[in-house]
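Notes to accompany the following structure.
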Amino acid sequence: MNNNITIGDHSLAPKEFNGQRVITFKDIDLVHQRPDGTAGRNFRQNKKHFVEGEDFYKVCADEIRRNKIMDISAKTHEDVVFITESGYLMLTKSFTDDLSWTVQRELVTTYFNVKHPKAQKSKSNVPKLGEVNAAARIISKTLKEAGMPPQYRAVAIKSLYAPVGVKIPLDGVTTDKQLFDCTAIATKLGMLSSSGNPHNQAVAAIIAKLPVSESEKELVPFQNQASGHAGPTWQYAQSVVDKVHQWLEEHNWPTSITVGGKTYKVTYQRAA
């Protein structure tokens, strides 16, 4: 049975090692539409920041074949590096284009967010306060460097501490500006992928063609309601939604949208 996971227009075969979902450099380059070797080069250049056993695993070819983790040539004898969710987020922090934010969100929510029956029964899955403190320091610094406004950083950190029972008061902190991520824009405009889901990547491709000012977009946190995982994503003002709608009308609602050599197939579900 094919249990591949679709990220945008690409299909990934799930890989698991040591009880958690992992990904390869080749997979990262594929879904982020980067030249072959990009993720591996970034890893080697910054390897001192990665912790083996936490951010990545180096697994010998024999073990991969023995445990049927992934298909590799019988002649292959080289070790394979598997990247965990934390390693992936560190590795792609320099990927700041709109498409990368969209792909990162999809990978986190649909690929890495896998529930194991044994893990669900174990209380050890609840993070320890020390682990949350360490994660909060790293995430806060990363979001600040990425330019996320302070109020949104506060909301993101609050979501990290919620699972361990630490309440962070945010009275007076407002984040009520009406913004839309690419999925919400696709939903509003009825843009669907071949699988019938809101085509956020097609929206990101259109936005990449448009003049969008800094005042029309913000880097804000999102939270997966199922897992509680928090992360950053670009969201846009209503004016950008209007620009995307105008672009679609000017181009007669095209069923193929191309940017950067990549073509996205789109169908439309118009409101009655």
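The values are calculated or read from the model by the stated rules, or taken from the named source; none is laboratory data. None of the values given here were measured: they were computed from a predicted structure. A quick note on method: Cβ atoms are made from the backbone with ideal geometry, for glycine too, and the neighbour counts reach across all protein chains shown. With ligands, DNA and RNA removed, areas are computed over all heavy atoms of the protein, side chains included. Shrake-Rupley method; radii C 1.70, N 1.55, O 1.52, S 1.80 Å.
List of remarks:
- Scanning region 128-184 for residues that are crowded, with 18+ Cβ neighbours inside 10 Å and part of a loop (DSSP other than H, G, I, E, B), we see that the one that is modelled with the highest pLDDT is D181.
- Pairs with Cβ under 6 Å, 6+ apart, first in region 1-29 and without any contact (Cβ under 8 Å) to a residue 12 or more places away in the chain, second outside any strand (DSSP E or B): N4/A13; S11/N4; D29/D36; D29/T38; D29/A39
- Criterion (open to solvent by less than 20 Å² (accessible area, probe 1.4 Å) and on the phi < 0 side of the Ramachandran plot) met by exactly one of K26, K75, K15, K47: K15
- Positions within region 185-218 being farther than 13 Å from I257 by Cα, open to solvent by 20 Å² or more (accessible area, probe 1.4 Å), in a helix (DSSP H, G or I) and small (G, A, S), in sequence order: S215
- Leading residue by the ranking (most open to solvent (accessible area, probe 1.4 Å)) among those in region 51-63 that are outside any strand (DSSP E or B) and under 16 Å from G19 (Cβ atoms): E54
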